[in-house]
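Reading through the structure tokens given below for one structure.
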Amino acid sequence: MLTIRPPLVYRVVLGAAGIAGLAVVLLPGMVFTAMDGDLVGITFFALVAAVWSLLWLRTLLLKVEVASDGSLVVRSTLRTRVFQRHDVRGFRMPPTGLATMAQGNRVVLVLTDGRELLLDATAAWPLPGRRRKLAEMVEKLDDWAAGRSA
């Protein structure tokens with residue numbers, strides 16, 4: 001079964017940044033507002049910490065996988081989408097140059113209705129050898145779309 005996740009290094013750095021954000025900014029803010037007895041401030045920091053934690057956790061769980069029924073499940077930061085083969089025209093490499101900085105270094109899913117979806121799970125820093133890895137992902141996803149693999 002095909003499963004694509006961000007590289008381990010990406011997930012570790014993202015995890016550390018999420019924990020650092022909570023530990024350095026949000027939790028001290030909650031403690032200091034609690035010491036002042038500011039109920040509005042405590043509520044604000046608690047809500048921000050909850051949203052931060054949910055987005056951080058959701059981002060750590062980014063993935064593109066082929067489900068047991070053959071559908072493609074795309075879990076991005078804010079939502080999960082399920083596509084059937086007939087919904088997908090194909091996949092393509094991200095553009096190079098300045099467009100990569102604007103769109104990110106991610107594989108693009110092209111739907112039959114013409115819409116394009118950036119696959120967050122394929123995102124990574126533009127390091128040497130990364131385009132080759134993205135090309136391998138595109139090849140595997142194209143194989144799925146053509147029915148050559150599950």
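What follows draws every value from the coordinates through simple rules; no lab data is involved. The structure displayed is predicted, hence computed values, not measured ones. Every residue, glycine among them, receives a Cβ derived from its backbone with ideal geometry; neighbour counts consider all protein chains shown.
Brief remarks follow.
- Difference of contour (0.36 nm per residue) and Cα-Cα distance, Arg85 to Tyr10: 24.1 nm
- Full-stretch length increase - Val110, Val25 - with 0.36 nm per residue and alpha-carbon distance subtracted: 26.7 nm
- Short to long, the 10 Å bins of the Cα pair-distance histogram for the range 17-71 hold 23, 37, 19, 12, 8, 2 percent of all pairs.
- Relative intensity of the range 77-145 on a log10 scale, I(q)/I(0) at q = 0.17, 0.18, 0.20 Å⁻¹, equals -0.61, -0.68, -0.84, per a Debye sum over C-alpha point scatterers of equal strength in the absence of solvent.
- Between amide H atoms placed 1.01 Å from N, distances below 5 Å from Lys63 occur with Arg75, Ala121, all of them 5 or more places distant or on a separate chain.
- In degrees, nearest ten, helix 27-36 long axis to first principal axis of the chain (Cα): 30 degrees
- Summarising the amide proton neighbourhood of Arg89: residues at separation of 5 or more, or on other chains, whose placed amide H is nearer than 5 Å comprise Val110, Leu111, Thr112.
- Pairwise FRET efficiency - Asp143 versus Thr77, Cβ, R0 = 41 Å, nearest 0.05: 0.95
- Between the helical axis of 39-60 and the longest alpha-carbon principal axis of the chain there is an angle of about 20 degrees.
- Three principal axis extents describe the C-alpha atoms of the chain; from largest down they are 62, 35, 27 Å.
- Neighbour counts of C-beta atoms inside 10 Å place Lys133, Lys63 in the sequence Lys133, Lys63, starting with the fewest.
- Karplus-derived HN-Hα couplings along the range 70-87 (A = 6.51, B = -1.76, C = 1.60, θ = phi - 60°), whole Hz, x at Gly and Pro: x, 7, 9, 9, 10, 9, 9, 5, 9, 7, 10, 10, 10, 10, 9, 4, 5, 7
- Where only alpha carbons of the range 44-124 are counted, the Rg and the Dmax (Å): 14.9, 45
- Site pair Trp125 and Val40 shows an inter-label distance of 4.1 nm when each label is modelled 7 Å from Cα along Cα→Cβ.
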